[in-house]
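The values are calculated or read from the model by the stated rules, or taken from the named source; none is laboratory data. Being a predicted model, the structure only gives us computed values, none of them experimental. These area figures cover heavy atoms from the full protein model, side chains too; ligands, DNA and RNA do not enter into them. Shrake-Rupley method; radii C 1.70, N 1.55, O 1.52, S 1.80 Å.
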Amino acid sequence: MTARVALITGAARGIGAATVLRLARQGYAVLAVDRASDDPALPYPMGGADELAAVVRAAREHSPEIGEFVADVRDPAAVADAVAEAENRWGGLDVAVAAAGVIAGGVPLWEVPPDQERAVLEVNLNGVLNLARAAVPALLRRSRPRSGRFLAIASAAATRGLPMLAAYCAAKAGVAGLIHALGVELGDSGVTANAVSPGSTDTPILEESARLYDLSDAAAFAAQQPMRRVLDPDEVAAVLEFLAGPGSSAMTGAVVPVDGGLAL
Ligand SMILES: NC(=O)c1ccc[n+]([C@@H]2O[C@H](COP(=O)([O-])OP(=O)(O)OC[C@H]3O[C@@H](n4cnc5c(N)ncnc54)[C@H](O)[C@@H]3O)[C@@H](O)[C@H]2O)c1
C-alpha cells in the first residue's frame, strides 16, 4: 500500500517540526516546507536551513520518504510549487498542515510598525489561505473514497483578546473562521478541514512573546495556563497526528483547543 502523503509548512522547528516527526513515525511520506531564512520585517530569527535539514534527517530514521522544500507561505506561487513537488514525488497529497507562523506586537495596535503588522497577517492568515488554495485541489484530486485532511494551527489568541498582540489575534480568529467555512465547503467530498488552537507552547514564538511582554523567559507563561506549565510542541503534534489520520473522520470545521485550559 502506498504511504499517505503530507505537506507541512513551518517545518524547520517547533510544532511544525514535531508534526513532521510524528507523521514520519506513522510511515507517511512528508514534504517539510519552511522559508528557512530570517524575515526582514521581524526582529527574531526564523527557522534556518540547518534546522530544516536536521528535522528531515531525524524524520528519515522513521520513513524513507521525507523531502524538504524552501518556500515562503506568503508567496502563492512558491506554495503551489511545494504542493506540486509533493504530488510529483509521491503521486498525490492526503494531508496539508499549515503550521508556519510568526508573532509581533508588544505595543498597542496603533503603534505596531506597519511592516510587522503586515507580516503577522500575511504569514498567519494569508499563508493558510495560500496553502488551502494550492493544497485543497490536490487533496480533491485523490479518487473517492478520500480521506484528505487540511489542517491549520490557530491559537488560544483566536478567541481571547490578548493585549499587545491584536494583529496576531485578528489573524488567528481569521484562521478559525476560514476552517469553519472550509469544512462546510468541503462537505461530503471526503476531505475535511480542522485546526488546533494551542496554548503557550515551548517554541521560539513563545520566547519572542516573552520578550514582547517583558517577561524573563517563555516559562513565565506557565502561570497563566490552568495546567501551570507550558506545553511541549509534541503534545500539540499528537493532536495534529490524530486529526491527520482516520480517527478524525467525523470531524470537520473544528477548531480544537490544545491549550492546557488557557482559553477557559
Ligand atoms: N508556541 C506557541 O505558544 C503557540 C501558541 C499558539 C499558536 N501557535 C502557532 O503554532 C504555529 C507554529 O509555531 P511555533 O510555536 O512552532 O513557532 P516557531 O517559531 O518555532 O516555528 C514557526 C516556523 O514557521 C516558519 N515560518 C515563519 N514564517 C514563514 C513563512 N513566511 N513561510 C514559511 N515558513 C515560515 C519559521 O521559519 C519557523 O520554522 C504558528 O502558527 C503559531 O502561531 C504557537
> Where the centre of each part is set by its Cα atoms, how far does the stretch 104-164 sit from the stretch 226-255, in angstrom?
Replying inline: 17 Å
>> Give me the tail of P(r) for the stretch 131-190 as a percent: Cα-Cα pairs with distance above 15 Å.
In response: 55 percent
>> For a quick check, take a GNM of the chain with Cα springs below 10 Å and name the residue from A132, A32, A78 with the largest mean-square fluctuation.
In response: A78
> Carbon and sulfur: what percent of the chain's accessible surface (1.4 Å probe)?
Replying inline: 55 percent
> Under the classification rounded if a/c is under 1.5, otherwise prolate if a/b is larger than b/c and oblate if not, where does the stretch 113-229 fall, given a ≥ b ≥ c as square roots of the Cα gyration tensor eigenvalues?
Replying inline: prolate
> So what's the angle, to the nearest 10 degrees on a 0 to 90 scale, between helix 14-25 and the longest Cα principal axis of the chain?
Replying inline: 20 degrees
>> With an 8 Å Cα cut-off and a minimum separation of 6 or more residues, compute the relative contact order for the stretch 84-227 in percent.
In response: 27 percent
>> Let me check against my output: what whole-number percent is the relative contact order of the chain, with C-alpha pairs under 8 Å and at least 6 apart?
In response: 19 percent
>> Skipping prolines and chain starts, which residues have an amide H placed within reach, meaning under 5 Å, of the one on T201, given they are 5 or more residues away or on another chain?
In response: L231
> Which percent of the Cα-Cα distances in the stretch 1-150 go past 24 Å?
Replying inline: 31 percent
> So what's the angle, to the nearest 10 degrees on a 0 to 90 scale, between helix 166-186 and the longest Cα principal axis of the chain?
Replying inline: 20 degrees
> Where does the chain land at 222 nm, in deg cm²/dmol rounded to the nearest 500, when only DSSP H runs of n ≥ 4 count, each adding -39500 (n - 2.57), divided by all residues?
Replying inline: -12500 deg cm²/dmol
>> Just want to confirm a number: the relative contact order over the stretch 1-144, from Cα pairs under 8 angstrom separated by 6+ residues, in percent.
In response: 27 percent
> Most mobile of L186, L151, L125 per a Gaussian network model of the chain (Cα springs, under 10 Å)?
Replying inline: L186
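Checking a compactness column here: for the stretch 218-264, what do you get for Rg(Cα) / (2.2 N^0.38 Å), N being the number of residues?
Taking N as the residue count of the stretch 218-264, the ratio is 1.34.
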>> Accessible area per residue for the chain in Å², computed with a 1.4 Å probe and the full protein assembly in place, what is it?
In response: 42 Å²
> Between V184, V95, V83, which gets the highest mean-square fluctuation from a Gaussian network model of the chain, Cα cutoff 10 Å?
Replying inline: V184
> How fast does the stretch 102-148 diffuse by Stokes-Einstein, in µm²/s, taking the Kirkwood radius from C-alpha pairs at 10 °C and 1.306 mPa s?
Replying inline: 124 µm²/s
> Helix 49-60 versus the longest principal axis of the chain: what angle, 0 to 90°, nearest 10, using Cα atoms?
Replying inline: 50 degrees
> What area, in nm² and to one decimal, does the C-alpha convex hull of the chain cast on average over all directions?
Replying inline: 12.8 nm²
